[in-house]
Amino acid sequence: MNTLPIDPILPDIGAALARSTGLVLQAPPGAGKTTRVPLALLEADWLAGRRILMLEPRRLAARTAASRMAASLHQQPGETVGWRIRFDSRVGPATRIEVVTEGILGRMLQDDPSLPGVGLVIFDEFHERSLHADLGLALALESQQGLRDDLKLLVMSATLDGGPVARLMGDVPVITSEGRAFPVATRFLSRPDPRRFADEVAAAVVRALAEEDGDVLVFLPGAGEIRRVETLLTGDPAAGGVVLAPLYGDLGQEAQDQAIRPSPDGRRKVVLATAIAETSLTIDGVRLVVDGGQMRVARFDPGSGMTRLVTLAASRASADQRRGRAGRQGPGVCYRLWSEAEDRALQPWTAPEILEADLAPLALDLAQWGVRDPASLAWLDPPPAAHLAQARDLLRELGALDGDLRITGHGRAMARLPMHPRLGHMVLKARSLGLAGLACDLAALLEERDVLRAGRGCRDGDIRLRVEALRTGEGFDPRHGLGIDRGALARARQSAREWRRRLGLKAGEQPGTPNDSGLLLAFAYPDRIARRRPGGEPRYAMANGRGAVFAAPEPLTAEEWLALAELDGDRREARIFLAAPLARAEIEDHFAAEIATVTRCEWDGRDEVVLARRQRHLWGLVLDDQPLRDADPAALAASMAAGIRAMGLACLPWTPDLERLRRRVAFIAALEPEAGWP
């Protein structure tokens, strides 16, 4: 077994955990913490034969870490070391180390806060500060303090300042490992023109291939940029003979595994990756990194209740993580597509997810845990009050919380489904209507990358087409310009089957039809029930009071009523990506309790008249607006008085006699102000 920088301090880590309830381990990329530490602690006396849970931020990282540890023991995953991730597990009765994704720990704690049979929980790559990791640590600390004083907690990080974490955990020790295994040289290039980003990244890859030996790992912000750079390199003779391997979260497991394995025929390889490759992965053969310097993150707006994806410059911590990938197996080189001056100005850290994310899942987890005041838990960064308030408002709207923020029976049923609360509510409502099979299909489609690919100028955001593709597969007759993304379709089908299994549905049970999709989407996104605005533009008003628009006319723009599933979250007018038609009768039948009738009697300054109308509202959306012929006389008089005040007394039809009377009254009022003259 090769020696790694972490090896000399492994005895110190075990000794520190023997003396303390927890430990913070700071170890730079390449130190070997992910695969060495759990194995070194397996036979510790204080562990007493119990299991180790190790949290990884991504499924690929969890599978890879477990596989490498199992291989070092000359075993298969599922023996001493295994993994437990969404829709997949490799554990057995003899498994002592379980590598899990972060959401799994939260569910284990919710099911039994004492974590029976577990002696150590390791939070790997904690510097990523995912929402699940922050919540998992908060819940684990409370469990440790209230139920399990023998439970050990170990937080491991490559770039995070360990001091604040150690204080949060009760002033536990901090141990620091030596640096990366091999030196990495840094070469700065100019920052790309945003309009030619893919071209300049591709040029940097060609340069790296020409100047150095070894495989190349390229960091790009998203799958779209990966596809564009892949196309450019495929057509460049300078990259001829090189294996191009995309690597991103929505990619299938086999394709991900292929990207991190060496090329079978010994050819050089270029891995085109998102941030999925920043941490916990050693990609065999890589000694060159080309860093495009960008990252894509989700930003939630509590005002609109929508999330949008933004592309930002990578932080210092993220850039250092990426650079470290080049020094895992030998001396490496990192090409950075920005200058040294720009390098010095990088933000030190990526913002924690808890400060930017949709907190509806967190709010439901807190309610299930019995927490109404989040300050009662230990956080490095507490959830923002505005984000949490919006999340709780949504959960009340969905029936998951009562007026006192306590979880309801419906909320507990939602929490048992490992999906966003909106989708959990949709699935449960659908089951009561005999449409659970369709709800499983919709949930799978909404959690996956779009299964249809649109040609240039051929966009169609009707989710019913996706349901047809999911169900009919090879027999799907695509509309003009639309094709099927086979990889995304396969993953969506797998998810749909898993959701059916969890609900106890047999194949073909409660199928519903694609035309029922609008109603189910309305259950998930009641605030996004939308009505077309008057006029020729494809613009819609939503129940949350916001506006939405199609970028160009498409078949759905002929519909008066829509349920909107996917939007870009623009603060002014959100762009619609996925939706389904909704019948007015469905709104009346299923949202009757939310429809309010109000009478409005007010002065119209434009036409200088009093308007009296009766309106029916679904939250901020007007369903009906009719003249009110029996308006309250007092309300009419008050509205008229408001209009007169706005226009001034000169608007009244004064006769000479009335004008003289008004001047006399004004004179007396000035002389005797205490008399109360008008």
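Values in this text are rule-based calculations from the coordinates and carry no lab data. Quantities reported herein were computed from a predicted structural model and do not represent experimental measurements. Backbone-built Cβ (ideal geometry, glycine too); neighbour counts: all protein chains shown.
The protection proxy used here, the mean number of other Cβ atoms lying within 10 Å of each residue, ranks peptides 129-140, 111-122 as follows, highest first: 129-140, 111-122. Less than 5 angstrom separates the built amide H of Arg191 from those of Ser339, all sequence-distant by 5 or more or on a different chain. Summary of the geometry: the range 325-367 and the range 242-292, compared by the centres of their Cα atoms, lie 19 Å apart.
Remark on Leu452: its backbone amide H falls under 5 Å from those of Asp485, a criterion applied only to residues 5 or more positions apart or on other chains, H modelled at 1.01 Å from N.
Using only side-chain charges placed at the Cβ, +1 for Lys and Arg and -1 for Asp and Glu, the dipole size of the chain relative to its Cα centre rounds to 660 debye. With R₀ fixed at 56 Å, the C-beta to C-beta distance from Glu573 to Leu73 puts the FRET efficiency at about 0.50. Spin-label point model (7 Å from Cα, Cβ direction): what's the Trp619 to Leu312 distance in nm? Simple spin-label model gives 2.7 nm for this pair. Take the Cα of Ala48, go 7 Å toward its beta carbon, and the backbone nitrogen atoms of the range 116-138 under 12 Å from that spot belong to 117-120. Using 0.36 nm per residue and subtracting the Cα-Cα separation, the extra length available between Glu397 and Ala592 on full extension is 68.8 nm. Once you sort the root eigenvalues of the Cα gyration tensor of the range 38-147 as a ≥ b ≥ c, which label holds: rounded (a/c under 1.5), prolate (a/b larger than b/c) or oblate (the other case)? Oblate shape, in that a/c is at least 1.5 and b/c is the bigger or equal ratio. Karplus-derived 3J(HN,Hα) values for the range 583-590, using 6.51 cos²θ - 1.76 cosθ + 1.60 with θ = phi - 60°, are 7, 4, 4, 5, 5, 4, 6, 9 Hz; glycine and proline are entered as x.
Given that just one value was derived from the coordinates, which of [x] 1.30; [y] 1.07; [z] 0.98 is Rg/Rh (Cα atoms, Kirkwood Rh)? Computed from the coordinates, Rg/Rh (Cα atoms, Kirkwood Rh) corresponds to [y].
When the Cα positions of Gly411, Gly163, Val242 are compared along the charge dipole of the chain, Val242 comes out farthest toward the positive end, with charges on each C-beta of Lys, Arg, Asp and Glu. 7 Å from Cα along Cα→Cβ at both Gln110 and Arg416: what's the point-to-point distance in nm? About 1.2 nm separates the two model spin labels. Could you tell me the calculated FRET efficiency between Thr234 and Gln347, based on Cβ-Cβ distance and R0 = 51 angstrom, to the nearest 0.05? The computed FRET efficiency comes out at 0.90. Using 0.36 nm per residue and subtracting the Cα-Cα separation, the extra length available between Asp381 and Arg261 on full extension is 39.4 nm.
So how many Å³ per residue does the convex hull of the Cα atoms of the range 594-647 work out to?
87
Computed over the range 283-357, the percent of Cα pairs more than 20 Å apart is 43. Binning at 5 Å from 0, report for the range 525-566 what percent of all alpha-carbon pair distances ends up in each bin. In order of increasing distance, the bins hold 6, 27, 38, 22, 7, 0 percent. Within the chain, DSSP assigns beta bridges of which about 45% are antiparallel (rounded to the nearest 5). Within the chain, the longest segment free of exposed loop sites, counting chymotrypsin sites (Phe, Trp or Tyr not before Pro) that fall outside DSSP classes H, G, I, E and B and have at most 15 other Cβ atoms within 10 Å, spans 350-653. Once both labels are positioned 7 Å from their Cα atoms along Cα-to-Cβ, the gap between Ile644 and Arg501 label points is 7.6 nm. Rounded to the nearest 500, the helix-only mean residue ellipticity at 222 nm of the chain stands at -11000 deg cm²/dmol, with each DSSP H run of n ≥ 4 adding -39,500 (n - 2.57). Each part reduced to its alpha carbon centroid, the range 1-39 and the range 590-657 end up 72 Å apart.
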